[in-house]
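First comes the structure, then the notes that go with it.
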Amino acid sequence: MVIVLMVSLMGGYLWWETSRGAEVTWRGGLIQDQVVDNQSRPTPAPATSDIPLGIPDPPPTTGGKYQFIATQPNSAAPVTYDPCRPINMVINERTMPSAATGVVEEALNELSGISGFRFNIEGYTDEGPSKNRKPFQPERYGDRWAPVLIAWSDADEHGELGENVAGLGGSARIQVSRSHHVYVSGIVYLDGDDAARMVTHDNGRAYVKAVVLHELGHLIGLGHVDDPGELMNESNTGLFGYGNGDLTGIAALARGQCEENL
């Protein structure tokens, strides 16, 4: 069986603020796929269930645009996570503002309810963000895929969070057969300095949560769209939750196939 490690480059989330109390506006960056020259992987592990762990919400009946970061070879079906396994995560809270305490957990609960994906926060870590984070780190996480890293960071630690980039997100995928890829690990990086400024605005906590939801959308496989009515649009003003197109895309991502071993 051919195994190819690949990674989605991180989708940026630019933001800027108007006068205090006015709406906070942000604009996203680009997402691309990159082949990683690394053939190492953990010992394949059986799934925890032979059926999806959760049931996704039905997609909306009305419109909206969505885009996938990657699709399966010779197919329009998206690359996504295995719905029969929990998506394990660790959190680094180094720069998290106190006013944003719990916002990541709230966003994960919301996305879990929509998608049926089960997010398992294992605990906290001192692992910092990196541009090319390895999805297999046996020295830190043992013989398994590394959990998703959600890291509160800043521009000094991770340069791509400079220039008003409030968040980055993406996932690593492997090719398990000629016609099927699956995500196995990923990252969400959040700029604590930007979040600290956001929460001073009216609805500031909701703006921070929207950034987290946007980056979690990238994590599970959503790309950017050119519809201002969608949270996955590159430019967003005043959106606090997913639009109809986002929800339709999430419903498709939640219908991935279960993997016997991964």
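Per-residue ellipticity at 222 nm from helix content only, as computed over the chain with -39500 (n - 2.57) for each DSSP H run of at least four residues, stands at -6000 deg cm²/dmol. Couplings 3J(HN,Hα) for region 138-151, derived from phi with the Karplus relation 6.51 cos²θ - 1.76 cosθ + 1.60 (θ = phi - 60°), are x, 5, 9, 10, x, 7, 6, 5, 4, x, 4, 9, 9, 10 Hz, where x marks Gly and Pro. In this label model, Asn74 and Thr48 are separated by 3.4 nm, measuring between points 7 Å along each Cα→Cβ vector. Accessible surface for region 134-244, divided over its residues, is 32 Å² per residue with a 1.4 Å probe.
The residue among His214, Tyr124, Ala254 whose Cα reaches farthest toward the positive pole of the charge dipole of the chain, with charges on the beta-carbon of Lys, Arg, Asp and Glu, is Ala254.
Relative to the longest principal axis of the Cα atoms of the chain, helix 204-220 runs at roughly 20 degrees.
Over the Cα atoms of the chain, the radius of gyration divided by the Kirkwood radius equals 0.95; this is the Rg/Rh ratio.
Residues whose amide H lies under 5 Å from that of Ile87, counting only those 5 or more places away or on a different chain, are Arg118, Phe119, Asn120; hydrogens are built 1.01 Å from N in the peptide plane.
Return the single residue from Pro42, Pro56, Pro78 with maximal mean-square fluctuation; model: Gaussian network over the chain, springs between Cα atoms under 10 Å. Sorting by GNM fluctuation, first place goes to Pro42.
Compute the label zone of Ser177 within region 68-92: residues whose backbone N is under 13 Å from the point 7 Å along Cα-to-Cβ. Flagged as within label range: 73.
Based on C-alpha pairs under 8 angstrom that are at least 6 apart in sequence, region 169-243 has a relative contact order of 26 percent. Amide H to amide H distances under 5 Å link Thr71 with Val79, where only residues 5 or more positions off or on other chains count and H is placed in the peptide plane.
Reachable lysines from Lys65, Cα under 30 Å, same-chain residues fewer than 8 places away excluded? Candidates past the 8-residue exclusion: Lys131, Lys209. Extension gain for the segment Asp156 to Asp57, taken as residue separation times 0.36 nm less the Cα-Cα distance, is 31.7 nm to one decimal.
Phi angles across region 89-99 convert, under the Karplus curve 6.51 cos²θ - 1.76 cosθ + 1.60 with θ = phi - 60°, into 3J(HN,Hα) values of 9, 10, 10, 10, 9, 3, 10, 5, x, 4, 5 Hz, Gly and Pro given as x.
Please identify every one of the trypsin sites (Lys or Arg not before Pro) in region 161-237 that sits in a loop by DSSP and has no more than 15 other beta carbons within 10 Å of its own beta carbon. When the trypsin sites (Lys or Arg not before Pro) of region 161-237 are filtered for loop state and at most 15 Cβ neighbours within 10 Å, Arg178 remain.
Taking Cα centre as origin and charging only the Cβ of basic (Lys, Arg, +1) and acidic (Asp, Glu, -1) residues, the dipole magnitude of the chain rounds to 600 debye. Checking every one of the GluC sites (Glu not before Pro) in region 221-262 against DSSP loop status and a limit of 16 other Cβ atoms within 10 Å picks out Glu260. Selection among Val165, Gly113, His224 by position relative to the dipole of region 108-255 gives Gly113 as farthest towards the positive end (Cβ unit charges, Cα centre). Computed across region 215-262, the Kirkwood radius stands at 11.7 Å (inverse of mean 1/r, all Cα pairs). When the Cα positions of Ser153, Ile55, Tyr189 are compared along the charge dipole of the chain, Ile55 comes out farthest toward the positive end, with charges on each C-beta of Lys, Arg, Asp and Glu. Only alpha carbons enter this Debye calculation for region 115-262, each as an equal point scatterer, and the log10 of I(q)/I(0) it gives at q = 0.10, 0.14, 0.17, 0.19 Å⁻¹ is -0.39, -0.76, -1.09, -1.30.
Highest average first, the peptides 127-137, 148-158 ordered by how many other beta carbon atoms sit within 10 Å of their residues are 148-158, 127-137. Note on region 43-86: Cα Rg divided by 2.2 N^0.38 Å, N the number of residues, gives 1.50.
The values are calculated or read from the model by the stated rules, or taken from the named source; none is laboratory data. Every value quoted in this text rests on a predicted model; they were computed, and no experiment measured them. A quick note on method: Cβ atoms are made from the backbone with ideal geometry, for glycine too, and the neighbour counts reach across all protein chains shown. Ligands, DNA and RNA are excluded from the accessible area calculation, which covers all protein heavy atoms including side chains. Shrake-Rupley method; radii C 1.70, N 1.55, O 1.52, S 1.80 Å.
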